[in-house]
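The numbers here are math on the coordinates, done by the rules we state, and not lab data. Note that the coordinates shown come from a computational prediction; the quantities given were computed from them, not determined experimentally. With ideal geometry, Cβ positions are generated from the backbone for all residues, glycine too; neighbour counts draw on all protein chains shown.
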Amino acid sequence: MKFFPLSIILLFFSCIQIVQADVKNIKICTPVWEYYTQKDGTGLYHDLWRLIFQSAGITLDIKYAPFKRCANAVNEKKSADYDVLTAGYSSTGTITPKWHIGVDLLSVAYTKNSVDKWTDSSLLENKRVSWLRGYDFDTYGIVPKSVKRQELNQIKSGIKKLASGRTDFLIDYDKAILKIIKEEELGDKVDIFSNVLKGPKYYMIFADTPKGKALAKIWDDGMEQLNKSGKLQAMYKAAEDPAY
């Protein structure tokens, strides 16, 4: 076993403290999600960031971009374009904090009268199934690997594909699907099985850098304080989000 001098160990921990103390801003890459990360600064996740980071004197630098672009930017730690992806599954090459930001509870939209009832995810086997680009539901076991994956840039285009019979199912979150069905007046053509697919927890995914490590620690400390105070549960309840 190799031992290190006490002076080196102390220097290592002092460097971590300096990095954490020197964190002045956080560069967040996120898609625009209604009720969570709206461009006007409203939404549950914006509220969390203000409470945890901004109240600690850290400036929020938010870039809105498609999910896959954000994920690639955070995973490419050499570029250091962003410090964190808003919501992703735990993966190698990045830092996953202790406290999650959400739990996947997904709804399945389908062409009206094409399905009698929901049984389980086996209903999707060998079917054309659409979801937003980068979500990788088939990779994480949320849907069978045999699905014929059709990636979307926007949920709206997927709803229209359902209405015209160009896809069999669409997976996303209940509020988002119902809102578009209503806006596009497609309630006579598209129906929905609400909250039938449960996936894993998802997290703020931090870049594997010294700054990313410091920010992940600040996130965990802040979430723990919100949890102890009861404010975390109140915020998620107000947003009708079952993650807490």
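Report the net charge of residues surrounding Leu48, where surrounding means a beta-carbon distance below 12 angstrom and charges are Lys +1, Arg +1, Asp -1, Glu -1.
Values: positive: Arg50, Lys231; negative: Asp47, Asp241.
Combined, the nearby Lys, Arg, Asp and Glu give 0.
So if I restrict to the alpha-carbon atoms in the stretch 166-244, what is the Rg, and what is Dmax, the biggest pairwise distance, in Å?
In order Rg, Dmax, the Cα atoms of the stretch 166-244 give 18.0, 53 Å.
Counting only helical runs of four or more DSSP H residues, what would the 222 nm mean residue ellipticity of the chain come to if each run contributes -39,500 (n - 2.57) and the total is spread over all its residues?
On the way: 7 runs with 81 residues, N = 244.
Mean residue ellipticity, 222 nm, calculated: -10000 deg cm²/dmol.
Under a point spin-label approximation (7 Å from Cα along Cα-to-Cβ), what is the Thr139-Asn153 distance to one decimal in nm?
Label at Thr139, label at Asn153, 2.1 nm between them.
Please work out the FRET efficiency for the pair Trp118 and Ala56, using the Cβ-Cβ distance as r and a Förster radius of 51 Å; give the result to the nearest 0.05.
On the way: r = 44 Å, r/R0 = 0.86.
For R0 = 51 Å, the calculated efficiency reads 0.70.
Give the value in nm², to one decimal: projected area of the alpha carbon convex hull of the stretch 104-199, averaged over all directions. If you can, show how the numbers build up before the last one.
Values: hull surface 21.0 nm².
Over every viewing direction, the Cα hull of the stretch 104-199 projects on average to 5.2 nm².
Taking trypsin sites (Lys or Arg not before Pro) as exposed when DSSP calls them loop (any state but H, G, I, E, B) and at most 11 other Cβ atoms lie within 10 Å, what is the longest stretch of the chain free of them, the sites themselves excluded? If you can, show how the numbers build up before the last one.
On the way: sites that count: Lys2, Lys24, Lys39, Lys78, Lys117, Lys145.
The answer is 146-244.
Hey, got the Cα dimensions of the stretch 41-92 along the principal axes, in Å, largest first?
Computed over the stretch 41-92, the largest-to-smallest principal extents equal 28, 20, 20 Å.
Report, as a whole number in µm² per second, the diffusion coefficient that Stokes-Einstein gives for the chain at 37 °C and 0.692 mPa s using the Kirkwood radius over alpha carbon pairs. Could you put the intermediate results ahead of the total?
On the way: Rh = 19.6 Å.
In µm²/s, the coefficient is 167.
Quick one: longest stretch of the chain between exposed loop GluC sites (Glu not before Pro), exposed meaning at most 11 other C-beta atoms within 10 Å and loop per DSSP?
Numbers: sites that count: Glu185, Glu240.
The reported range is 1-184.
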